[in-house]
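Engineer: Right, I'll just put the structure down here and ask away after.
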Amino acid sequence: MVIAKDELTGLVSAPSNEVSALPAYTIDWANLQWPASITHTIGVTPTENIYGQVYIESVTSEPGATPGLWAQVGFGPDGSDPAGNAAWIWVDAVFNVQSGNNDEFKGNLLPETTGTFDYAYRYSTNGGETWLYADLDGTGNGYSPDQAGNLTVNPSDDITPPLAPTLSLTDWSASSIDLAWTEAEDNVAIYAYDLYRSTDGITFTRIHRELAPSLTYRDETVERGLTYYYYVIAIDTSFNRSQPSNIVSHAAEPKLVSVTFDITVPSFTPGTVYLTRVVNDDGTVGDWNPAGTALTQVSETNWKGTFDILDGTLVEFKFARGSWETVMKGADGNEELGNLSLLVDYGENGTQTFTYTVLNWRDPIVTAFQPADGALIMPAGAELVITWSQAMPENACPLLQTEGGDTIPGTCQYDPATFTHTFTPSIPLTGLQSYTATVSGKVDVGGDMQQVPLVWSFGTRAYIIYLTVIAR
């Protein structure tokens with residue numbers, strides 16, 4: 001890292017970002033040290049150790065492994081040049097000993113086919129960006145296949161391939177596909193399973209080797225939306241290969257999750273409660289809509305809805321009663337609430353529940369009134385009492401009318417503690433008459449208009465006349 005310093009003030013800056021690097025040395029000499037030839041019987045036991053040495057002036061003479069010096073031993077077709085040759089197979093070698101001024105490495109090979117091959121060493125001091133190839137007589141006169149080590153791989157006594165396993169697709173998501181297969185039968189023992197993959201079902205490439213006894217693999221190198229085809233081959237301890245298994249295929253796509261929205265609402269809630277997003281038949285979530293997806297009423301205070309939504313979907317939403325004028329609010333009916341959110345997760349069994357309590361709605365709602373609808377009351381001393389879901393202005397009183405539509409005058413009182421209006425007629429009501437009360441278009445203290453008007457009727461009883469009889 002770097003720190004800047006002002007020479008006049010002596011002030012210093014904060015440290016810069018940190019970077020690191022290993023020195024890239026120039027290799028002066030290297031070789032394939034020993035042995036010059038190997039005879040090996042094919043199997044899961046590697047060849048004997050193969051040694052190589054490397055010299056870097058004033059560097060490898062220091063005790064221990066040289067930092068940043070990388071050595072690999074590899075083998076390839078007989079008589080071929082290893083440089084840039086994809087047919088050569090390379091494995092990392094490890095530091096062995098300090099040999100005079102040289103660093104000595106050792107490694108071994110595990111050939112999987114019989115035949116005759118060349119083997120050699122290669123070295124790098126820049127993380128494998130470039131390599132120096134080394135044969136038996138060293139790098140002084142360049143690399144020559146004539147000076148490569150000679151590897152002869154003979155067959156084993158076991159030449160019977162294992163039986164092909166049966167492959168199954170066990171799970172999938174948008175980012176992975178899970179595979180499992182049966183244990184292959186073999187007359188000796190199974191060493192590993194090779195997985196092959198294709199995107200067209202025709203051209204397959206090996207993507208993984210799973211060592212026995214494991215029988216599963218998760219492919220996490222998939223692209224969402226693409227369909228992948230797979231088969232597996234069993235390999236025994238003599239590298240005999242089975243026939244390919246059956247082919248299975250699936251798209252890398254999210255699964256559907258059964259998501260239940262379990263919503264508690266105030267007991268005075270009218271109408272239908274909606275999730276404010278459209279849930280499409282394919283499990284995707286559509287646009288915002290205050291009447292997007294209807295829930296089902298379970299009880300006076302409980303609404304539920306279960307919908308199939310794609311795993312991994314991040315859903316933002318609210319709850320409303322069919323319009324944005326009836327959207328959920330805080331307890332006082334005026335507090336604006338942020339969007340709710342849910343990350344859909346398949347989990348163990350593909351089900352998920354979202355629970356929420358709506359405390360109030362945006363629009364003012366009459367939660368109680370008296371006299372009751374259809375009631376018969378005494379005409380004298382009649383009063384109308386309505387209770388609201390939230391704070392209202394003093395003039396948000398009911399309208400009282402006769403059966404013929406005449407308005408009954410009166411006085412109105414408001415109790416802010418209980419959100420209650422009391423209307424008292426200023427003239428006596430007539431007996432044996434029907435009256436209608438209306439509460440409509442009222443606006444709460446937050447400026448939100450009543451969306452659900454209330455109209456109810458009641459009747460009056462006959463006046464009772466008491467007569468006093470004076471006896472003479």
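Engineer: Which ones in the stretch 107-118 are over 47 Å from the mean Cα position of the chain (by Cα) and under 22 Å from Ala71 (Cα atoms)?
Structural biologist: If the condition is that a residue be over 47 Å from the mean Cα position of the chain (by Cα) and under 22 Å from Ala71 (Cα atoms), then Phe117, Asp118 are the ones that fit.
Engineer: Let me ask something additional. What number of residues in the stretch 75-108 are of a type in the set (Asp, Glu) and free of Cβ contacts under 8 Å to residues at least 40 places away in the same chain?
Structural biologist: From the stretch 75-108, those of a type in the set (Asp, Glu) are 78, 81, 92, 103-104; that's our starting set.
When the remaining residues are screened for being free of Cβ contacts under 8 Å to residues at least 40 places away in the same chain, the result is 92.
So the count comes out to 1.
Engineer: For the structure I just gave you, tell me whether Gln352 is touching a residue at least 40 places away in the same chain (Cβ under 8 Å), crowded, with 17+ Cβ neighbours inside 10 Å and not in a loop (DSSP other than H, G, I, E, B). Break it down stepwise before answering.
Structural biologist: Working: touching a residue at least 40 places away in the same chain (Cβ under 8 Å): yes; crowded, with 17+ Cβ neighbours inside 10 Å: yes; not in a loop (DSSP other than H, G, I, E, B): yes.
When the stated conditions are applied, Gln352 passes them.
Engineer: Are any residues in the stretch 447-456 exposed (fewer than 15 other Cβ atoms within 10 Å of the Cβ), outside any loop (DSSP other than H, G, I, E, B) and of a type outside the set (Val, Ile, Thr), and if so, which ones? If you could, list the steps in order and put the result at the bottom.
Structural biologist: Step one: filter the stretch 447-456 for residues exposed (fewer than 15 other Cβ atoms within 10 Å of the Cβ), giving 447, 449, 453, 455.
Adding the requirement that they be outside any loop (DSSP other than H, G, I, E, B) leaves 449, 455.
Matches in the stretch 447-456: Met449 only.
Engineer: Here's another thing I want to ask about it. Need pairs with beta-carbon distance below 7 Å; first residue within 17 Å of Thr237 (Cβ to Cβ) and within the stretch 208-219, second among the basic types (Lys, Arg) and surrounded by fewer than 17 Cβ atoms within 10 Å (Cβ to Cβ); sequence gap 6+ or separate chains.
Structural biologist: Cβ pairs passing all conditions: none.
Engineer: Sort out which residues of the stretch 113-163 are in a loop (DSSP other than H, G, I, E, B), closer than 23 Å to Phe239 by Cα and not β-branched (Val, Ile, Thr), and write them in order of number. Explain how you work it out, then say what you get.
Structural biologist: Let us first name the residues in the stretch 113-163 that are in a loop (DSSP other than H, G, I, E, B), namely 113-114, 125-131, 135-138, 142-144, 148, 155-163.
Narrowing further to those that are closer than 23 Å to Phe239 by Cα: 113-114, 155-163.
Correct list: Pro155, Ser156, Asp157, Asp158, Pro161, Pro162, Leu163.
Engineer: So which residues in the stretch 125-146 are acidic (Asp, Glu) and surrounded by 14 or more Cβ atoms within 10 Å (Cβ to Cβ), if there are any at all?
Structural biologist: Asp135, Asp137
Engineer: Hey, another quick one. What tally of residues in the stretch 189-218 results from selecting those that are closer than 25 Å to Ser156 by Cβ, assigned to a loop (DSSP other than H, G, I, E, B) and in contact with a strand residue (DSSP E or B) (Cβ under 6 Å, 6 or more places away or on another chain)?
Structural biologist: Counting residues in the stretch 189-218 that are closer than 25 Å to Ser156 by Cβ, assigned to a loop (DSSP other than H, G, I, E, B) and in contact with a strand residue (DSSP E or B) (Cβ under 6 Å, 6 or more places away or on another chain) gives 2.
Engineer: Closer than 19 Å to Gly128 by Cα and in a loop (DSSP other than H, G, I, E, B), is that true of Gly84?
Structural biologist: Considered against the rule, which asks whether it is closer than 19 Å to Gly128 by Cα and in a loop (DSSP other than H, G, I, E, B), Gly84 comes out as yes.
Engineer: Which condition number does Ser20 fail, the rest of (1) modelled with pLDDT under 95; (2) surrounded by 10 or more Cβ atoms within 10 Å (Cβ to Cβ) being met?
Structural biologist: (2)
Engineer: Quick one: in the stretch 67-83, which of the residues that are within 44 Å of the chain's Cα centre (by Cα) and farther than 13 Å from Tyr119 by Cβ is surrounded by the most Cβ atoms within 10 Å (Cβ to Cβ)?
Structural biologist: Restricting to residues being within 44 Å of the chain's Cα centre (by Cα) and farther than 13 Å from Tyr119 by Cβ, the top hit is Ala71.
Engineer: From the list Ile190, Ile202, which one is of a type in the set (Val, Ile, Thr), outside the structural domain of Val44 (by TED's automatic domain parsing), modelled with pLDDT of 95 or more and surrounded by 13 or more Cβ atoms within 10 Å (Cβ to Cβ)? Break it down stepwise before answering.
Structural biologist: Numbers: Ile202 fails: surrounded by 13 or more Cβ atoms within 10 Å (Cβ to Cβ).
Step by step, each of Ile190, Ile202 is checked, and only Ile190 is of a type in the set (Val, Ile, Thr), outside the structural domain of Val44 (by TED's automatic domain parsing), modelled with pLDDT of 95 or more and surrounded by 13 or more Cβ atoms within 10 Å (Cβ to Cβ).
Engineer: Another question about this same structure. Specify which of the listed residues (Thr47, Thr66) is touching a His at 6+ places or on another chain (Cβ under 8 Å) and either of a type in the set (S, T, N, Q) or at pLDDT below 95 (or both).
Structural biologist: Working: Thr66 fails: touching a His at 6+ places or on another chain (Cβ under 8 Å).
Being touching a His at 6+ places or on another chain (Cβ under 8 Å) and either of a type in the set (S, T, N, Q) or at pLDDT below 95 (or both) holds for just one of Thr47, Thr66, which is Thr47.
Engineer: Among (1) modelled with pLDDT of 95 or more; (2) surrounded by 11 or more Cβ atoms within 10 Å (Cβ to Cβ); (3) not polar (S, T, N, Q), where does Ala382 come up short?
Structural biologist: Single failed check for Ala382: (1).
Engineer: Which of (1) of a type outside the set (Asp, Glu); (2) within 16 Å of Tyr25 (Cα to Cα); (3) touching a helix residue (DSSP H, G or I) at 6+ places or on another chain (Cβ under 9 Å) is the odd one out, the single condition Ala120 does not satisfy?
Structural biologist: (2)
Residue-wise test of (1) in a loop (DSSP other than H, G, I, E, B); (2) surrounded by fewer than 13 Cβ atoms within 10 Å (Cβ to Cβ); (3) on the phi > 0 side of the Ramachandran plot; (4) under 55 Å from the mean Cα position of the chain (by Cα).
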site: His421; (1), (2), (3), (4): no, no, no, yes
site: Thr424; (1), (2), (3), (4): no, no, no, no
site: Gly431; (1), (2), (3), (4): yes, no, no, no
site: Ala462; (1), (2), (3), (4): yes, yes, no, no
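The values are calculated or read from the model by the stated rules, or taken from the named source; none is laboratory data. If you're wondering where the values come from, they're calculated on a predicted model, not measured in any experiment. A quick note on method: Cβ atoms are made from the backbone with ideal geometry, for glycine too, and the neighbour counts reach across all protein chains shown.
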